[in-house]
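Comments concern the structure below.
Where a number appears in this text, it was derived from the coordinates with a stated rule and is not lab data. The structure presented is a predicted model; accordingly, all values stated were derived computationally and were not measured. Here the Cβ is made from the backbone with ideal geometry for all residues, glycine too, and neighbour counts use every protein chain on show.
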Amino acid sequence: MCLAVPGRIVRTYEQDLTPMAEVDFGGVGKEVCLQYVPDAVAGEYVIVHVGFAIQRLDEASALDTLRTFAGMGVLEEEFGDGFERAARAAPQPGTTTEGAAR
């Protein structure tokens with residue numbers, strides 16, 4: 001299965017004239033191309049598919065998506081326990097995100 005998964009941009013940089021980012025997926029860092037969202041900045045969430053950030057996503061939606069994926073069991077299957085940790089750390093709807101693990 002190939003998922004488009006939300007992750008939080010840790011830092012941005014340029015590589016061979018291409019905008020890139022280090023993106024955190026529940027404790028698992030990956031290098032991601034920002035060509036489709038070149039003005040994305042550290043701290044923002046993006047949806048990543050096959051190594052490309054394809055869209056920005058607000059934090060609440062990103063965390064809700066991670067919880068949904070975890071509930072379906074697909075995060076562990078695809079990526080290991082780093083994604084499960086991110087989904088479990090996500091606050092429940094109607095609660096604040098302050099202090100949530102990222």
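Remarks
- Exposure proxy ranking, count of Cβ atoms within 10 Å, fewest first, for 14, 44, 22: 14, 22, 44
- Here the simple spin-label model places points 7 Å from the Cα toward Cβ, and for residue 4 and residue 61 these points are separated by 1.0 nm.
- Descending semi-axes in whole angstrom, ellipsoid equivalent of the stretch 5-57, from the Cα gyration tensor: 15, 11, 10
- Residue order, fewest to most surrounding Cβ atoms within 10 angstrom, among 66, 57, 3: 3, 57, 66
- Residue separation of residue 11 and residue 50 scaled by 0.36 nm, minus their Cα-Cα distance, works out to 12.2 nm of gained length.
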